[in-house]
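This report concerns only the one structure given below.
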Amino acid sequence: MSRKTVGVKMAKEYSPVDEVAWQRKWDEAQIFECGIREDRPKFYCLEMYPYPSGKMHMGHVRNYSIGDAVARYKRMMGFDVLYPIGFDSFGMPAENAAMDEGGHPYDITERNMASITQQIKRMGFSYDWKRQLKSHDPRYYKWNQYYFTKFYEQGLAYQEYAPVNWCEQCETVLANEQVKAGRCWRCNGPVVQKEMEQWFLNINKYAQELVDGLDTIAFPENVKSLQRDWLGRSEGAEITFEVEGKDLNIEVFTTRPDTLFGVTFVTLAPEHPMAEQLVKGTEYESAWQDLYDEVSVMAEFDRIRDMKKKKGVPSGCFALHPLTGERIPIWIGNFVIASYGTGAVMAVPGHDERDFDFAKAFDIPIRRVLVMDEGGDADAPLDSAETAHGWMVNSPLEGFDGLYGEEAMKAVTNALDLKGSGKETINWKIRPWLISRQRYWGTPIPMIHCEDCGVVAVPEHDLPVELPTDVAFGQGNPLETSEAFLNVDCPDCGKAARRETDTMDTFVDSSWYFMRFTDALNDEKCFDADVANHFMNVDFYCGGIEHAQMHLIYARFYTKALRDLGLHSIDEPFSELLCQGMVNSPAPWCDSCQLTLSVAHTGSPCPHCGSELSERSAKMSKSLGNTVSPGLMIEQYGADTVRLFILFAANPTAGMDWSDLGIASNHRVMIQMASMPDKLLGWGKSPSSMDTWMLARLKQRCAEFQQAMDVFDLRRAVEISHYDLIKDINWYTRRGGENAELGVQILKSWTHLVSVSTPHLAEEWWQQIGMDGLVSGSEFVHLPKMSDEEQSALDNETVLRSVLDSARRIKDVAERHLDGPAQSATIVVSPPWKRIMAVEALDFIEQGGSVKNFVGHLSQMEIAQGERKGEIIGYWGKKMLPQVFKWDDASRALLRGSLDEVIALTNGSAFIAQELGLESVQVVLGESAEDLTERAGGSMPLAPAIVYA
RNA sequence: GCAGGGGUGGCUGAGGUGGUCAAAGGCGCCGGGCUUAAGAUCCGGUCCCGUAUGGGUUCGUGGGUUCGUAUCCCACCCCCUGCACCA
């Protein structure tokens, strides 16, 4: 047997160029087009569809490499896989580009889509391109309008005059969720408050369902917690305070009705409508006006920061305590937010920190109505607010003192209920979704304003309301510059009327596109209910964590709202969500300024403090200049290499660092992989005992691969397909395996595993091994179950390898003892009584016995009788006990099985001798007649003693 | 402050239902083999000590539980993400 590869051909050059050819073949064969196939289970794999900026970036590549691997895997496992892509093509960048460089958003968008499409296609992702959709297509946004008119009929969509978030740079309003730290989520410009009439969708109607649904879907914990945060459900009571001497009621919301008797004042938000009413014409009016002016111009974010300083003015009026009738001063305070709850709070300074601070600042009484220990001192002074649950004390009414927590709250709420001045209620932080945008490049809101009829929805047969082209970009809403668009007859009375010029938030587009994909070519309907029901839910949804916030909640809301329109019967759109991590790359970092700098500063001192810069990994971004162009990488290494690197460099959910060394080394792996078919097919025709082992190993690897893919552990899967199997094959040939027939068999299975991450290479293989068609379109053929013979081949080899490893480890030390190179070795297999003891101990413990009690059991055993009893029992405590727990499941099975260590090792002794450079290796059973070493004491089952000589 | 997620060997990164963990894999580094040579592949090594398969010290810090803990409990420190005077 020659150790050298017999391969006649040179290792095949690994050429990325061939990739395009394979992509063309996939297209021609139409293997990625999906239709309902009743004969197999469906799998809907989806990535968040991209906004068509002109270029594909590494984030896209990572996102789609993950999704494509899943789609390909499911396809090869026999699923009917729906894996579509489209473009989120409405939105501000195109409109801004139109303003900057002239031209029309439509042309800019189409141009960008064409270029990014080409780049995406070059990666060879297995999309069903036929279903491609784009949100700026009237055939798509028609349905946005249709839903809107239906929502309007139901009252889910409505118009309201309200203070809204206005982004000066974008010249449009924003939903609350779209304001991040007082700034616009998109442009990062400042956001101010403005009173305007705007369109809203009442997402609150679904708030409870949105919370409950989180328990039924596999979203990452942080995303769930984020969504819960936002929805902000809090249970409590709404309580009515009458205003003394006026026909007015103040409604407050509280989560702590149990502190009601501790109320010493009531606070209104400065913008609360009643605030002005109460102070109008009094000495307090100007103070209120000042506070109002100060607070209302501030963006919410600045204002909240400012709230740390408690500011307030008295109103001069009093409210009446709903249970005791006590007179309670009404204050107006900066710390109350008009838009949360009722915009008014009952202030309990003894048990709320903000109220405490406020009371201290304005010298308002502080009253204890809870104690924190049962039976605690009801008169103890309060140095700070005690906000935990406690036992009620000092209640002016009978029947409350001594009640705790929930019970206390219930009691107070019940009392309020009886008097008709309060009830249990649930309050939500989430507010209706403001969907109006004063921009052009979005779906026109299909409404008409008629002087006589008011607001009228555009009738269904007039949809879509298409975007006009005769508009001027520059300032304000471009739609207002189109006379043809503006002027319309009222659908009800026929008189001249005016069209609504607001367009919809682009998050509307992305809130249902996944449903459209299921039936993307339907011209009659948004989608057929049966078809949507068949393919939904999305089984695997992959995208960036940045959308955990808005998109994922709006999409869930829309799914429920459309369900209630009778369009389908799905409750949740996404069964499983995977948020891929960021793609990072090194950038200069200043340790003293704690600042990441642009790569322009590489090699120079910190521009701020002059100190030397180190390097740190940071999210790839234009501003840091640390981006890596996917196009260049594909050109240099090929799409497969890029995919392999991206999948192997980190777990999908973890952040990954781009590394030039890393991709180069993955490229070497690809080169090596490319030579595998030649190598395996070039083997001789010499079946050997190693064939059984190799086949068993292949089965094992395939099983491991499936396990990894089934939990989307793509890193592990790639490791098996591109690293572990190569090692296995190396071992096989090293042990003398060389059977080309087996080689073909290996390749047939292996090619499938390879195709999941590096499909182009897999097609090359498929062709080389002479298979028909495309591996991407063929199903994985499951291998027969592992036979006993195969299992024992694995076992024998495991024992051999572990003995070889430990023999190698001690060789150096041994040779120091021998004062020269070792010539031979004797492998002393542990005497049978040790294995008997081990198995007995394992059984004993697995049946629930305590380790400590095993000695007693042992002393009854046959092996422990006789004159060696003391020695054997001592061996248990000192050696065997710790070892018993170190055996893994496989080793335990080995111990209990029929494996004969002497035979296994004797069969491998020539190999061991060769590997260790010894003249001979002898295997003996410890304490037997053949064993002349007297070193059996150091042996352990599965770990023989090795004696060099 | 609150919520969620983290802190592992030169780097990266698995594991984390207590014993399979001195701790996978990758990268880097070192040695060997191959080669005219380089590169690649292949083999071995890579916490410390060690006159024989062993010992010591390690998985943010400090305690605790246990025959035993990277893995469980408590406290603390640090990092990331989000929310934040939300009544």
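Set side by side, the residues A:Pro349, A:Pro329, A:Pro314, A:Pro322 differ, and just one is in contact (Cβ under 8 Å) with a residue 24 or more places away in the chain and either farther than 19 Å from A:Ile239 by Cβ or near RNA strand B (Cβ under 7 Å from one of its atoms) (or both), which is A:Pro314. Within segment A:623-655, being open to solvent by 30 Å² or more (accessible area, probe 1.4 Å) and within 11 Å of RNA strand B (Cβ to nearest atom) holds for A:Phe648, A:Ala649, A:Asn651, A:Thr653, A:Ala654, A:Gly655. If a residue has to be more than 11 Å from RNA strand B (Cβ to nearest atom), of a type in the set (Gly, Ala, Ser) and open to solvent by 20 Å² or more (accessible area, probe 1.4 Å) to count, how many in segment A:206-234 make the cut? Total meeting the criteria: 1. Please work out which residue is farthest from the chain's Cα centre (by Cα), limiting yourself to segment A:264-289 and to residues that are assigned to a helix (DSSP H, G or I), surrounded by fewer than 24 Cβ atoms within 10 Å (Cβ to Cβ) and within 16 Å of RNA strand B (Cβ to nearest atom). Among them, the one singled out is A:Met274.
Just to be sure, is A:Ser749 more than 15 Å from RNA strand B (Cβ to nearest atom) and among the hydroxyl-bearing types (Ser, Thr, Tyr)? Yes, satisfied.
Residues that are surrounded by fewer than 16 Cβ atoms within 10 Å (Cβ to Cβ) number at least 1 in the following helices (runs of 4 or more DSSP H) confined to segment A:512-608: A:529-535, A:550-564. If you go through segment A:820-860 and keep only what is open to solvent by 50 Å² or more (accessible area, probe 1.4 Å), more than 9 Å from RNA strand B (Cβ to nearest atom) and modelled with pLDDT under 80, you end up with A:Pro821, A:Glu846, A:Gln847, A:Gly848, A:Asn853. Take the conditions under 30 Å from A:Arg439 (Cα atoms) and open to solvent by less than 10 Å² (accessible area, probe 1.4 Å) and apply them to A:Gly189. Does it pass? Here the answer is yes, as A:Gly189 does meet what is asked. When segment A:235-257 is filtered for residues that are closer than 13 Å to A:Thr267 by Cα, open to solvent by 50 Å² or more (accessible area, probe 1.4 Å) and β-branched (Val, Ile, Thr), nothing remains.
Restricted to segment A:370-393, and to residues there that are in a strand (DSSP E or B) and open to solvent by less than 50 Å² (accessible area, probe 1.4 Å), the residue that is nearest to RNA strand B (Cβ to nearest atom) is A:Leu370. The strands (runs of 3 or more DSSP E) located wholly in segment A:114-205 that include 3 or more residues which are within 16 Å of RNA strand B (Cβ to nearest atom) occupy A:157-167. A:Arg367 fails exactly one of the following numbered conditions: (1) more than 28 Å from A:Asn249 (Cα to Cα); (2) crowded, with 16+ Cβ neighbours inside 10 Å; (3) among the charged types (D, E, K, R). What is the number of that condition? Against the list (1) more than 28 Å from A:Asn249 (Cα to Cα); (2) crowded, with 16+ Cβ neighbours inside 10 Å; (3) among the charged types (D, E, K, R), A:Arg367 comes up short only on (1). Within segment A:656-675, residues that are more than 6 Å from RNA strand B (Cβ to nearest atom) reach partners that are among the polar types (S, T, N, Q) and outside any helix (DSSP H, G or I) with beta carbons closer than 8 Å, at six or more positions or on different chains, in the pairs A:Met656/A:Asn584; A:Asp657/A:Asn584; A:Asp657/A:Ser585; A:Asp657/A:Ser617; A:Trp658/A:Asn584; A:Trp658/A:Ser585; A:Met670/A:Thr758; A:Met673/A:Thr758.
Being more than 9 Å from RNA strand B (Cβ to nearest atom), hydrophobic (A, V, I, L, M, F, W, C), assigned to a loop (DSSP other than H, G, I, E, B) and open to solvent by 30 Å² or more (accessible area, probe 1.4 Å) is a property that A:Ile337 lacks. Once segment A:682-722 is narrowed to residues that are more than 16 Å from RNA strand B (Cβ to nearest atom), over 19 Å from A:Ser792 (Cβ atoms) and small (Gly, Ala, Ser), the residue that is least open to solvent (accessible area, probe 1.4 Å) is A:Gly684. Right, A:Ser802: under 20 Å from A:Ile946 (Cα atoms) and not hydrophobic (A, V, I, L, M, F, W, C) or not? Considered against the rule, which asks whether it is under 20 Å from A:Ile946 (Cα atoms) and not hydrophobic (A, V, I, L, M, F, W, C), A:Ser802 comes out as yes. Filtering segment A:759-818 to residues that are within 16 Å of RNA strand B (Cβ to nearest atom), β-branched (Val, Ile, Thr) and open to solvent by less than 50 Å² (accessible area, probe 1.4 Å) leaves A:Val799, A:Val803.
Of the helices (runs of 4 or more DSSP H) contained entirely in segment A:702-784, those carrying at least 2 residues that are among the small types (Gly, Ala, Ser) fall at A:740-757.
The values are calculated or read from the model by the stated rules, or taken from the named source; none is laboratory data. For clarity, every value in this text was computed on a predicted model and none was experimentally measured. Reconstructed Cβ throughout: ideal geometry from the backbone, glycine too, with neighbour counts over all protein chains shown. Protein only, heavy atoms only, side chains kept; ligands, DNA and RNA dropped before computing areas. Shrake-Rupley method; radii C 1.70, N 1.55, O 1.52, S 1.80 Å.
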